[in-house]
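The values are calculated or read from the model by the stated rules, or taken from the named source; none is laboratory data. Note that the structure is predicted; figures quoted are calculated from it, not measured. Glycine also receives a Cβ, built like all others from the backbone with ideal geometry; neighbour counts cover every protein chain displayed.
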Amino acid sequence: MSLLILENVTKRFGGLVAVDQVSLEIKHGEFVGIVGPNGSGKTTLFNVINGVFFPEEGKVFFEGLDITTLPPYKRAPLGIGRTFQIPRPFASATVRENVAVGAMFGTLSGKVNVDESLKIADQTIERVGLKEHRSKQAGSLTPVEKKLMEIARALAMKPKLLLMDEAMAGMHPNDIDQMVAFIKQVAEEDKIAIVAMVEHIMRAVVGMAEKVIVLHQGAKLVDAPTKEALEDPKVVEVYLGRPPEE
Amino acid sequence: MKKGIEKYYPLIPVFAAYLGLFLIGKNVSGMWQLVAMLLFYCALGQAFNIFLGMTGYVDFGYVAFMGVGTYGMALAITKLAHFEGLGIAIIIIGFVMALFMATLLSLAVGAVALRLRGAYFAIATIGVNEGLRFLIEGARIWNGSEGLIFTAQLNQILGRETASTLMTFWADIMVLIIAVSAAFITLYYIRSKIGYALTALREDEDAAKVMGINVTKYKIIAFITSACFAGLLGAASWALKTPYVFPPEVFEIHYTIEAIIIVLLGGSGTLLGPVVGGLIYGISKYYLSIFIPGFQLLIFAPIIIIIIVLFPEGVVGMLKNRFKDSALGQFII
């Protein structure tokens, strides 16, 4: 059974069709890159997947369950985690408390108590390498640490699917390599399917994705293994424009 | 998380403050008035902190819950006065009535207004407060703008002497009990899932939703809890201390503003904050109006501005950060 299936999903904002008849399928443990230029509907697609918006048409299935109109707080415990492009920590809370929130509310049983959550938080924080920062306020972390904290917060939810919103934007190339390696390792260990949204930094996609889905003006342009997708002339055209007539 | 008795350490400074106030009021002659006022401000701050401090939503109509609480007590006394032999039970019925009315109003307001955020929420709640006041006056509900006066009924039910000590002493003790209960509830909320959910939604509501938090549920929990304490406080401090109720007095937005100042001065979302805020606010207001009558607000405003600028997280917020890693830290949350 597939982990996530979108069937002809359309989301409009007034006259603007942000997501246009998109169908896609994500398998368990798969690493998928969603690529597309600015305004191509990537963020809206993410928001439809985790329930911030409900689509006007089409269906969303998670592990066979129809979640098309399920509110976000009910989707998270099913196993849908998310990180944001600009990290959104709960700034006044400590790193430990931030991550504990993920364990407390984001897991399926819904019965993880405060003590257990803090324990899970400690383990997860150690895993992402933020141990010495765990009692700092999350707002005082550096941007890279905030990203790691968001990943820890999402991991504490024990997700089956992790939506990563341009996780590499604004990072130094060396950090990107480290981060990519880390994410790949975690995903394999925990059998998490990752859908990473990428706007510019192709290097990250090439490094980790098995499959790439290219969006253009809300519609799906290409859905193919990474190398094939990135060499597709349609994709090149979307990014660089049509080659000059000879 | 702390085990056993250590869990309750943060209550020590709170209760020490209340005990100190009580002893000063009881033993220093002429101080009870001031102590009663300080207890009221501390209780008001603690009640409001459960909502404003923990969720970050500013309810400008907060005083409406105190208003309906006052009416709850007033209605119980005026409507039930002719039943013989109720005695002190009538006060208990009054508190139940106050709780009931505050809960009802908070459910009604919460269901609609909590869908709004930021300034929209604040404006909607002002509307509730003013609307309720004009509804009571205009539609002549509960005697309209003439209000309810029930000194005679209190004297008749309890006897003149009991009624008098009720007004001058026991009403203030009830305020103290309300403040202490609010402190317990606040600590319980901070330490439980509710506190984590509220912190998360205060900092970033959309991220909280995506993390699996049913934000509406937790906002309503905080809203109702806070409203219930306001209702009780109105019943104790306004209805019992001064046995009459007029709409313009109990729906006076001034009290909401005072509550906001107290919470922000002390440190919003902290346990000790509203107590410290209430003491600073109450003491400055009292002595400034004695020493420079007429000009107190002129001096008071800059004092508040200075404190807020120096300690943007409130006095207790600052102390909490400073002593986070020391032994003192476990007493300050």
(request) Give the residue that is surrounded by the fewest Cβ atoms within 10 Å (Cβ to Cβ), with candidates limited to residues of the stretch A:174-199 that are of a type in the set (Gly, Ala, Ser) and in contact with a Gly (Cβ under 6 Å, 6 or more places away or on another chain). (result) A:Ala193
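A quick yes/no check of all residues on (1) within 7 Å of another protein chain (Cβ to nearest Cβ); (2) aliphatic (A, V, I, L, M):
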{"position": "B:Gly195", "(1), (2)": "no, no"}
{"position": "B:Thr199", "(1), (2)": "yes, no"}
{"position": "B:Met211", "(1), (2)": "yes, yes"}
{"position": "B:Thr216", "(1), (2)": "no, no"}
{"position": "B:Lys219", "(1), (2)": "no, no"}
{"position": "B:Ile224", "(1), (2)": "no, yes"}
{"position": "B:Ala227", "(1), (2)": "no, yes"}
{"position": "B:Gly231", "(1), (2)": "no, no"}
{"position": "B:Gly234", "(1), (2)": "no, no"}
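Which of the residues that make up the stretch A:232-246 are surrounded by 11 or more Cβ atoms within 10 Å (Cβ to Cβ) and outside any loop (DSSP other than H, G, I, E, B)?
A:Lys234, A:Val235, A:Val236, A:Glu237, A:Val238, A:Tyr239
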(request) Might you check whether a residue that is surrounded by 13 or more Cβ atoms within 10 Å (Cβ to Cβ), modelled with pLDDT of 85 or more and farther than 19 Å from A:Leu45 by Cβ occurs anywhere in the stretch A:210-231? (result) no
(message) Tell me which helices (runs of 4 or more DSSP H) are completely within the stretch B:1-98 and hold 3 or more residues being of a type outside the set (A, V, I, L, M, F, W, C) and within 30 Å of B:Leu116 (Cβ to Cβ), or say none if there are none.
(response) B:32-48, B:63-80
(request) Please note which helices (runs of 4 or more DSSP H) are completely contained in the stretch A:98-201 and include at least 2 residues that are out of contact with any Leu (no Cβ under 6 Å at 6 or more places or on another chain) and within 14 Å of chain B (Cβ to nearest Cβ). (result) A:114-128, A:143-155
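The rows are residues; the columns are (1) at the interface with another protein chain (Cβ under 10 Å from one of its Cβ atoms); (2) surrounded by fewer than 18 Cβ atoms within 10 Å (Cβ to Cβ); (3) under 30 Å from B:Gly195 (Cβ atoms); (4) of a type in the set (Phe, Trp, Tyr).
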{"residue": "A:Met1", "(1), (2), (3), (4)": "no, yes, no, no"}
{"residue": "A:Ile26", "(1), (2), (3), (4)": "no, no, no, no"}
{"residue": "A:Gly29", "(1), (2), (3), (4)": "no, yes, no, no"}
{"residue": "A:Glu57", "(1), (2), (3), (4)": "no, yes, no, no"}
{"residue": "A:Glu63", "(1), (2), (3), (4)": "no, yes, no, no"}
{"residue": "A:Tyr73", "(1), (2), (3), (4)": "yes, no, yes, yes"}
{"residue": "A:Thr94", "(1), (2), (3), (4)": "yes, no, yes, no"}
(request) Name the residue, out of B:Lys193, B:Lys209, that is farther than 20 Å from B:Ala98 by Cα and over 25 Å from the mean Cα position of the chain (by Cα). (result) B:Lys209
(request) Specify which of the listed residues (B:Leu288, B:Leu265) is closer than 29 Å to B:Ile173 by Cα, away from chain A (no Cβ under 14 Å), surrounded by fewer than 23 Cβ atoms within 10 Å (Cβ to Cβ) and not small (Gly, Ala, Ser). (result) B:Leu288
(request) Find the residue count for the stretch B:312-333, including only residues that are within 14 Å of chain A (Cβ to nearest Cβ), assigned to a loop (DSSP other than H, G, I, E, B) and under 25 Å from the mean Cα position of the chain (by Cα). (result) 3
(message) Please go through (1) within 14 Å of chain A (Cβ to nearest Cβ); (2) surrounded by 21 or more Cβ atoms within 10 Å (Cβ to Cβ); (3) not polar (S, T, N, Q) for B:Asp206 and return the number of the only condition it doesn't satisfy.
(response) (2)
(request) For residues that are within 14 Å of chain A (Cβ to nearest Cβ) and without any contact (Cβ under 8 Å) to a residue 60 or more places away in the chain, scanning just the stretch B:175-193, find the one that is surrounded by the fewest Cβ atoms within 10 Å (Cβ to Cβ). (result) B:Tyr188
(message) Take the conditions of a type outside the set (Asp, Glu), under 24 Å from B:Glu161 (Cβ atoms), at pLDDT 95 or above and within 16 Å of the chain's Cα centre (by Cα) and apply them to B:Phe95. Does it pass?
(response) yes
(message) Pairs needed: first member in the stretch B:268-283, within 14 Å of chain A (Cβ to nearest Cβ) and over 13 Å from B:Tyr41 (Cβ atoms); second member anywhere, of a type in the set (A, V, I, L, M) and assigned to a helix (DSSP H, G or I); C-beta distance under 6 Å; at least 6 residues apart or different chains.
(response) B:Gly269/B:Met54; B:Thr270/B:Val316
(request) Hey, could you check the stretch A:79-92 for residues that are facing another protein chain (nearest Cβ under 8 Å) and among the hydrophobic types (A, V, I, L, M, F, W, C) and say which is nearest to A:Lys191 (Cα to Cα)? (result) A:Phe84
